[in-house]
């Protein structure tokens, strides 16, 4: 299935390699390359893409600012490319709404595997839609992939929604870390539970949940997470 892909990367050789991989993976895809944050925002506004690959360190505004601006209006899947392996940069990218990140220099096969995983998550649910789920003032419409809290729509990225869906479909039961990583991100993520912590924190924030006294998402330390239905 052809995609519209925006690559925001100021290193031409990196951008071209990524573009080649995208075209090989999804033949017929329309790829746009932006060499600065300003150009990336302009191209994004002109033709909203299906997927964004966004470098952090590029001419201003940097990738973090661009991501924040994108998330003001769109839930499009975003993969961040970072030059630093520092945990703080990765956490910042995920906290701002990135669906994934990859540290430079990266293996091209790993990049494509992560992009396929992002696109697969955005394509649709793993489960049959079913009748939906309600717990107190929280409701999840599986068919529409819509979440409401107190009647108001909660804007979730594809990854955030998939994580919440897995938890509410197993409400009352602890879902192990490895199971969540496999079902939401794919088997390649089973060794990276830190990913899960960041997304659970984001979900709690959007659901108005306190980490110390959560109403919905409970932590079973060393095991996994459990969605607790309201009584």
Place a point 7 Å from the Cα of residue 1 in the direction of its beta carbon; the residues of the range 66-102 whose amide N falls under 17 Å from it are 75-78
Label model pair residue 17, residue 112: point-to-point distance (7 angstrom along the Cα→beta-carbon line) in nm is 1.4 nm
Dividing the mean separation of Cα pairs under 8 Å (6+ apart) by the residue count of the chain yields a relative contact order in percent of 13 percent
Shape call for the range 4-123, from the Cα gyration tensor axes a ≥ b ≥ c (a/c under 1.5 means rounded, otherwise prolate when a/b beats b/c, else oblate), comes out rounded
1/(1 + (r/R0)^6) with r = Cβ-Cβ of residue 171 and residue 42, R0 = 45 Å, i.e. FRET efficiency to nearest 0.05, evaluates to 0.55
Computed from the beta carbon distance with a Förster radius of 22 Å, FRET efficiency for residue 201 and residue 179 to the nearest 0.05 stands at 0.70
Read-out Cα extents along the principal axes in Å, candidates (i) 55, 33, 30; (ii) 54, 40, 30; (iii) 57, 38, 35; calculated match is (i)
Of the range 87-104, those with amide N under 17 Å from the point 7 Å along the Cα→Cβ vector of residue 145 are 98-100
If 1, 80 are placed from fewest to most neighbouring beta carbons inside 10 Å, the sequence is 1, 80
Ranked by GNM mean-square fluctuation in the chain (Cα springs under 10 Å), the top entry among 46, 210, 160 is 46
Inter-part gap, Cα centre of the range 48-100 to Cα centre of the range 7-42, in whole angstrom, is 14 Å
Listed residues 109, 203, 163; largest mean-square fluctuation, Gaussian network over the chain with Cα springs below 10 Å, found at 109
Under the 7 Å Cα-to-Cβ spin-label approximation, residue 223 and residue 153 lie apart by a distance in nanometres of 3.7 nm
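FYI, it's all coordinate maths here, none of it is from the lab. This structure is a prediction, so every number in the text was calculated from the model and none was measured. Don't worry about glycine lacking a Cβ; one is built from the backbone with ideal geometry, like all the others, and counts go over all protein chains shown.
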